[in-house]
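No value in this document is a laboratory result; all are computed from the given coordinates. Just so it is clear, the model here is predicted, and its values are computed rather than measured. Please note: Cβ atoms are built from the backbone with ideal geometry, for glycine as well, and neighbour counts cover all protein chains shown.
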Amino acid sequence: MKDRQTIPCCPPKPKLDERPLITSEQAAGLMDLFKVFANDTRLRLLHALARSGELCVSDLAAAVAMKPQAVSNQLQRLVDRGLLGSRREGKSNHYRIVDPCVTSLLDLGLCLTEDSESRRGASRVVSLAPGSPPPSASQSSGGD
């Protein structure tokens, strides 16, 4: 599989902070795109394809523990959006990610999720001195 760092996600564009505020139409387009990603099955299918490069429906169904027909329905939504491509081999359809931005978006989403979890955990830890009891316990103990 190609290193996604070497595949450009899209043609060079101005930095986000240099762009004009997005229009209502652009916001609606982003909202529609995020709706496609706002499904745990589709995210798991995309991740399986990102890891493997190309898989048939039965392999994808096994990977996500779902029936092939249910997986096919989800894959079709991703194909309709232009995120996946497919090819037929005998009786099997094989799917692959055709837009390199998909893997970048998955990476960024996982990064945000993992980093926010660690930030939340760190904020709880930072509020307590190492080895000290929770605030409610120290207040009731009367201090030193």
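One decimal place: the segment Arg81-Ser104 gains 6.6 nm when fully extended, by the rule 0.36 nm per residue minus the C-alpha distance. One decimal place: the segment Lys13-Lys67 gains 15.4 nm when fully extended, by the rule 0.36 nm per residue minus the C-alpha distance. Give me the net charge of Thr41's neighbourhood, meaning all other residues with Cβ under 14 Å from the Cβ of Thr41; Lys, Arg count +1, Asp, Glu -1. Taking every other residue near Thr41 into account, the sum is +4. Summarising the amide proton neighbourhood of Leu84: residues at separation of 5 or more, or on other chains, whose placed amide H is nearer than 5 Å comprise Val79, Val98. When both region 98-119 and region 6-63 are represented by their alpha-carbon centers, they are found 10 Å apart. The trypsin sites (Lys or Arg not before Pro) of region 49-122 meeting both criteria, a DSSP state outside H, G, I, E and B (loop) and at most 14 other C-beta atoms within 10 angstrom of the site's C-beta, are Lys91. Bridging of Lys67 to aspartates and glutamates at a Cα separation below 18 Å is possible for Asp40, Asp59, once same-chain residues fewer than 8 apart are set aside.
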